[in-house]
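**Q** One structure, pasted below without further comment.
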Amino acid sequence: MSDLPSLDQIAGVAHEPQGSASGVVVLTHGAGGNRDSLLLQQVCDEWSRRGWLAVRYNLPYRRRRPTGPPSGSAATDRAGIVEAIMLCRGLADGPLIAGGHSYGGRQTSMVVAGREADVDLLSLFSYPVHPPGKPERARTEHLPGIRVPTVFTHGTSDPFGTPAELNEAAALVSGTTAVVEIAGARHDLRSKTLNVAALAVDAALQLLGRI
């Protein structure tokens, strides 16, 4: 793992594989987190073990302040996602996978749905189908605009969406989808029995036809 000079502008950290990379993975964090979240580190480590270059990076609001919820415009965060995708696409040949945890994944999915950046697959962790306790406020209106393969990795005890609600949301995506359910996990996707990172990577590679 190393910092590449070209990633400084997105506060990115690269997990580099041995040998030539098969592709690039670009992931960002949830609303209260940053690039150093345990989930992002584990997932990026897993991708690098599989021979991919994986980058975890901070959204613009997190570059401005080290803690706290998103501040400013979500459109600014989406612009930062576009910047990260465009920058990382030039780091290696092969497919580019983008996504992230919760808020970061949702904003990335909006970028892809709006054709603001081209990716080969979306990897969404703990997609926030709705705010906790408010199922009527669904955050799914843009999902039909997604035409690329999409993996949803979701805890069965996540207050941001039940398994049924998540599956209904995934069915709205126009591209092929896979749902990886993590039994008993909440929004942070921590599990004592399952290798969440490996399951998510396996699902992504299957959708890409790589395994």
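The values are calculated or read from the model by the stated rules, or taken from the named source; none is laboratory data. Keep in mind it's a predicted model, so treat the numbers as computed, not measured. Heads up, the Cβs are rebuilt from the backbone with ideal geometry, glycines too, and the neighbour counts pull from every protein chain shown. Areas reflect the complete protein model, heavy atoms only, side chains present, ligands, DNA and RNA absent. Shrake-Rupley method; radii C 1.70, N 1.55, O 1.52, S 1.80 Å.
**Q** If we count every other residue with Cβ under 14 angstrom of P66's Cβ, Lys/Arg +1 and Asp/Glu -1, where does the sum land? Don't skip to the answer; put the middle values down first.
**A** Numbers: positive: R35, R62, R63, R64, R65; negative: D36.
Once positives and negatives cancel, what remains is +4.
**Q** Which whole-number percentage describes the relative contact order of segment 1-113, with Cα contacts under 8 Å and a sequence gap of 6 or more?
**A** Details: 219 pairs, mean separation 39.0, N = 113.
This gives 35 percent for segment 1-113.
**Q** Same structure, new question: Quick one: of the DSSP bridges fully inside the chain, what percent are antiparallel, nearest 5? Walk me through the numbers before you get to the answer.
**A** Working: 4 of 29 bridges.
Looking only at bridges with both residues in the chain, the antiparallel portion is about 15 percent.
**Q** Express in Å², to the nearest 10, the accessible area of W52 obtained by rolling a 1.4 Å probe over the protein heavy atoms while all chains stay in place.
**A** Counting only protein heavy atoms, W52 exposes about 10 Å² to solvent.
**Q** Just how much of S6 is accessible, in Å², when a 1.4 Å probe is used and the result is rounded to the nearest 10?
**A** 40
**Q** Compactness ratio of the chain: Cα Rg over 2.2 N^0.38 Å, N = residue count?
**A** Details: Rg = 15.5 Å, N = 211, 2.2 N^0.38 = 16.8 Å.
It is 0.92.
**Q** Round to the nearest 0.05 the FRET efficiency obtained for A198 and S20 when R0 = 22 Å and r is the Cβ-Cβ distance. Kindly include the intermediate steps, with their values, before the conclusion.
**A** Numbers: r = 22 Å, r/R0 = 1.00.
Using R0 = 22 Å, I get an efficiency of 0.50.
**Q** For segment 89-208, what does the accessible surface come to per residue with a 1.4 Å probe? Please give it in Å². Walk me through the intermediate numbers first.
**A** Values: 4950 Å² over 120 residues.
Accessible area per residue, segment 89-208: 41 Å².
**Q** Please give, to one decimal in nm, the separation of the simple spin-label points placed at R186 and R49, each 7 Å out from Cα toward the Cβ.
**A** Using points 7 Å along Cα→Cβ, the separation is 2.6 nm.
**Q** Calculate I(q)/I(0) for segment 79-193 by the Debye formula, one identical point scatterer on each C-alpha and no solvent, and give its log10 at q = 0.16, 0.20, 0.23 Å⁻¹ to two decimals.
**A** So the normalised log intensities work out to -0.70, -1.03, -1.27.
**Q** Report the accessible area of E116, computed with a 1.4 Å probe over the heavy atoms of all protein chains in place, in Å² rounded to the nearest 10.
**A** Probe radius 1.4 Å; accessible area of E116 about 90 Å².
**Q** Moving on. Got a number for carbon plus sulfur as a percent of the chain's accessible area, 1.4 Å probe?
**A** Details: 4450 of 8930 Å².
Result for the chain: 50 percent of the exposed heavy-atom area is carbon or sulfur.
**Q** At 4 °C and 1.567 mPa s, what whole-number value in µm²/s does Stokes-Einstein give for the translational diffusion of segment 80-120, with Rh from the Kirkwood sum over Cα pairs?
**A** On the way: Rh = 10.3 Å.
The estimated diffusion coefficient comes to 125 µm²/s.
**Q** Any idea what the relative contact order of segment 130-197 is, in percent, if you count C-alpha pairs under 8 Å spaced at least 6 apart? Don't jump to the answer; show the numbers that get you there.
**A** Working: 110 pairs, mean separation 23.5, N = 68.
RCO, segment 130-197: 35 percent.
**Q** Given H placed 1.01 Å from N in the peptide plane, which residues other than close sequence neighbours of T177 have an amide H under 5 Å from its amide H?
**A** It is T150, by chain and number.
**Q** Please work out whether segment 163-202 counts as rounded, prolate or oblate from its C-alpha gyration tensor, where a ≥ b ≥ c are the square roots of the eigenvalues and a/c under 1.5 means rounded, while otherwise a/b larger than b/c means prolate and anything else oblate? Let's see the in-between values first.
**A** On the way: a/c = 3.25, a/b = 1.63, b/c = 1.99.
Because a/c hits 1.5 or more and a/b fails to exceed b/c, segment 163-202 counts as oblate.
**Q** So, counting K/R as plus one and D/E as minus one, what does the shell of residues with Cβ under 10 Å around I85 add up to?
**A** -2
**Q** Shifting gears a bit: Checking understanding here: applying a Kyte-Doolittle mean of at least -1.0 and a length along the axis of at least 20 Å (C-alpha), which whole DSSP H helices in the chain pass? Let's see the in-between values first.
**A** Details: long enough: 74-89 (23 Å, 0.72).
Membrane-span-like by this criterion, though nothing is claimed about a membrane: 74-89.
**Q** Using the alpha carbons of segment 60-101, what is the convex hull volume per residue in cubic angstrom, as a whole number?
**A** Working: hull volume 3.5 nm³, N = 42.
Cα convex hull per residue, to the nearest whole number: 84 Å³.
**Q** Put a dot 7 Å past each Cα toward the Cβ at L38 and R64; how far apart are the dots in nm?
**A** Distance between the two pseudo-spin positions: 3.0 nm.
**Q** Just by accessible area at a 1.4 angstrom probe, what is the order of D36, D93 from largest to smallest?
**A** Working: D36 75, D93 130 Å².
Correct descending sequence by accessible area is D93, D36.
**Q** Quick one: in segment 1-99, what % of C-alpha pairs are over 24 Å apart? Intermediate values should be presented prior to the final figure.
**A** Working: 774 of 4851 pairs.
Counting every Cα pair in segment 1-99, those more than 24 Å apart make up 16 percent.
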